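Right, one structure below, let's go through it.
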Amino acid sequence: MNEYDSDFLAQSLIQSGLLPVDDPARADLILINTCTVREKPEQKAFSLFGRMARIKRRKPGLILGIVGCLAQQMGEGMIKRFPQIDFVMGPRELDRIQEILEQIYSGRTKIVATGLEAPPPQPTLCRGYFKGRITAFVSIMEGCNNFCSYCIVPYVRGREISRSPEKILIEAGNLIAEGVKEITLLGQNVNSYRWNEGKNVDFVYLLKKLNKLEGLLRLRFTTSHPKDLSDGLIKCFADLDKLCPHIHLPFQAGSNQVLKHMKRGYTREEYMERIAKLRKVRPDIAITSDVMVGFPGESREDFEMTLDLIKRVQFDGLFSFKYSDRKGTLAEKMDRKVGENEKGSRLSMLQVLQKQITLKKNKDLEGKRMDVLIEGYSKREGQLKGRTVTNKIVNLTCNTNKIGSLLNVFIKYGFLNSLQGELT
Ligand code: 5AD
Ligand code: SF4
């Protein structure tokens, strides 16, 4: 979502006549897009502010803006802490960027734009901006109404609001016209997508419409909530030819007691039942998830239940985190906090287990042939990088430039984070 927001801002700025530079020291305007979902990205943002503030001390005319979720959360406090900052803008105010810059050019400074009411803006495509990009995001909804007890998102991105299906289809069509072959629909909770103006449009309806777009090869979405994963949506994985067989379905914890305190709205049994249904309609579906350890009150037994769920489900990949307090959330005020060392040792235990599962899954693909959409150059010298429908990275050597092509590739090796393919 942050990447999408950054692209939105970059396009708005280019359209207002600004040009991108590749070195921050040469810039006249620097925007830092921030995340506050966990403690780590927040710390990363603070250290970046320090570096940018040093550039501004040497170049006082530089305009420095902090945007995104951390800006939303800190508001005025951000400017008090970093007086070099000219403006602060939350994620629901991004389409005011040009107006705010006008105010700054005319001498106003220290602007705080942190409203949460505005509907999601419609990006106006900047011709050529997506040139050479094979994959792109399209936001379909903003915000979240779930208020999981550990999560800051509803406070910094506001309540759920969906974009009109017409706007979504226009944006997707524009991207395809620019050469994009794969679209990932974005939202904090995509499966609560609903558009009620005039007609009753839900997420399944939207997927069916997008699946018909000519020129589009692949369709993905993220992130969905297990409690809203309807049978209708599960069936789409069998019915829609462009919808890739991969779902990112965060489970967060394997103990019913912890899930209840997290206010997730499902039990471990219900989660596993959804997974079984997905695998029934689409046996080759890849499943990835998010999980955290050390939620307040999580006992050793609770943690064992998380390990047990991981063993049972056999995820293709897992993003795992240590719980961190987020200001103003319910969990922040809970007692029975788990110590840092204990959280650290639970996280490593969990990651060791998941690594074995991921590696085994990737090794099982050795000797198989898979369709790979080539996205660009690999980090491995002289190789191209692509993805399977199941979202696994494949590196391969190819003499001709096949970026944007769908190739049938022989999988020679399965590693932990990628597959090595061959064109035979
Ligand atoms: N502490 C740790 N992890 C968190 N996440 C969200 N809030 C917190 C928190 N307070 C994780 C969840 C979520 C992912 C985006 O970040 O696993 O799915
Ligand atoms: Fe946060 Fe829960 Fe909403 Fe996801 S569903 S954004 S974890 S409140």
Taking only segment 331-350 into account, find how many residues are part of a helix (DSSP H, G or I), of a type outside the set (Asp, Glu) and open to solvent by 70 Å² or more (accessible area, probe 1.4 Å). 3
Inside segment 191-223, can you point out the residues that are surrounded by 20 or more Cβ atoms within 10 Å (Cβ to Cβ) and touching a helix residue (DSSP H, G or I) at 6+ places or on another chain (Cβ under 8 Å)? 191, 192, 193, 195, 203, 206, 207, 210, 219, 221
Would you confirm whether any residue within segment 14-24 is among the hydrophobic types (A, V, I, L, M, F, W, C) and open to solvent by less than 50 Å² (accessible area, probe 1.4 Å)? no
Scan of segment 230-271 for residues that are among the hydrophobic types (A, V, I, L, M, F, W, C) and under 25 Å from residue 145 (Cα atoms), ordered by number: 233, 234, 236, 247, 249, 251, 253, 258, 259, 262
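Matching residues to (1) more than 15 Å from ligand 1 (Cβ to nearest atom); (2) under 21 Å from the mean Cα position of the chain (by Cα); (3) of a type in the set (A, V, I, L, M, F, W, C):
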{"site": "231", "(1), (2), (3)": "yes, no, no"}
{"site": "235", "(1), (2), (3)": "yes, no, no"}
{"site": "244", "(1), (2), (3)": "yes, yes, yes"}
{"site": "249", "(1), (2), (3)": "no, yes, yes"}
{"site": "253", "(1), (2), (3)": "no, yes, yes"}
{"site": "263", "(1), (2), (3)": "no, no, no"}
{"site": "285", "(1), (2), (3)": "yes, yes, yes"}
Look at segment 273-315 and say how many of its residues are within 17 Å of residue 237 (Cβ to Cβ) and not in a loop (DSSP other than H, G, I, E, B). 14
With basic (Lys, Arg), out of contact with any helix residue (DSSP H, G or I) (no Cβ under 6 Å at 6 or more places or on another chain), open to solvent by 40 Å² or more (accessible area, probe 1.4 Å) and at pLDDT 90 or above as the only criterion, which of 92, 133, 108, 127 stands out? 133
Residues within segment 85-107 that are free of Cβ contacts under 8 Å to residues at least 40 places away in the same chain and on the phi < 0 side of the Ramachandran plot, tallied: 13
Output for Cβ contacts, cut-off 9 Å, separation at least six or different chains, first residue outside the structural domain of residue 191 (by TED's automatic domain parsing) and more than 7 Å from ligand 2 (Cβ to nearest atom) in segment 139-155, second in a loop (DSSP other than H, G, I, E, B) and not hydroxyl-bearing (Ser, Thr, Tyr), reads none
What number of residues in segment 288-334 are in contact with a Ser or Thr (Cβ under 6 Å, 6 or more places away or on another chain) and small (Gly, Ala, Ser)? 2
Looking at segment 108-127, I want the residues that are among the basic types (Lys, Arg) and have a partner that is open to solvent by less than 80 Å² (accessible area, probe 1.4 Å) with Cβ atoms under 8 Å, at least 6 apart or on another chain. Which pairs are those? 110/79; 110/85; 110/86; 110/87; 127/178
Taking segment 268-286 and keeping residues surrounded by 14 or more Cβ atoms within 10 Å (Cβ to Cβ) and free of Cβ contacts under 8 Å to residues at least 60 places away in the same chain leaves 268, 270, 271, 272, 274, 275, 277, 278, 279, 281, 282
Among (1) more than 16 Å from ligand 1 (Cβ to nearest atom); (2) within 18 Å of residue 7 (Cα to Cα); (3) not in a loop (DSSP other than H, G, I, E, B); (4) not charged (D, E, K, R), the one test that residue 78 misses: (2)
Meets criteria (within 27 Å of residue 247 (Cα to Cα) and touching a Pro at 6+ places or on another chain (Cβ under 9 Å)) for residue 316: no
Going through segment 289-305 one residue at a time, which ones are closer than 25 Å to residue 231 by Cα and surrounded by 19 or more Cβ atoms within 10 Å (Cβ to Cβ)? 289, 291
Could you check, for segment 40-60, whether at least one of its residues is part of a loop (DSSP other than H, G, I, E, B), in contact with a strand residue (DSSP E or B) (Cβ under 9 Å, 6 or more places away or on another chain) and farther than 15 Å from residue 95 by Cα? no
Filtering segment 225-258 down to residues that are out of contact with any Asp or Glu (no Cβ under 8 Å at 6 or more places or on another chain) and among the β-branched types (Val, Ile, Thr), which residue is farthest from residue 314 (Cα to Cα)? 234
Can you name every residue in segment 61-75 that is outside any helix (DSSP H, G or I) and over 18 Å from residue 188 (Cβ atoms)? 61, 62, 63, 64, 65, 66, 75
Mind listing whichever residues of segment 362-376 are buried (at least 18 other Cβ atoms within 10 Å of the Cβ) and in a helix (DSSP H, G or I)? 362
Look through segment 377-424, keep the residues that are among the charged types (D, E, K, R) and farther than 22 Å from residue 315 by Cβ, and return whichever of them is surrounded by the most Cβ atoms within 10 Å (Cβ to Cβ). 385
Looking across segment 224-255 at residues that are within 15 Å of ligand 2 (Cβ to nearest atom) and in a helix (DSSP H, G or I), the single one that is most open to solvent (accessible area, probe 1.4 Å) is 227
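The values are calculated or read from the model by the stated rules, or taken from the named source; none is laboratory data. Note that this is a predicted model, so its numbers are computed, not measured. Note: ideal-geometry Cβ built from the backbone for every residue, glycine included; neighbour counts use all protein chains shown. Surface accessibility is based on the protein's heavy atoms, side chains included, excluding ligands, DNA and RNA. Shrake-Rupley method; radii C 1.70, N 1.55, O 1.52, S 1.80 Å.
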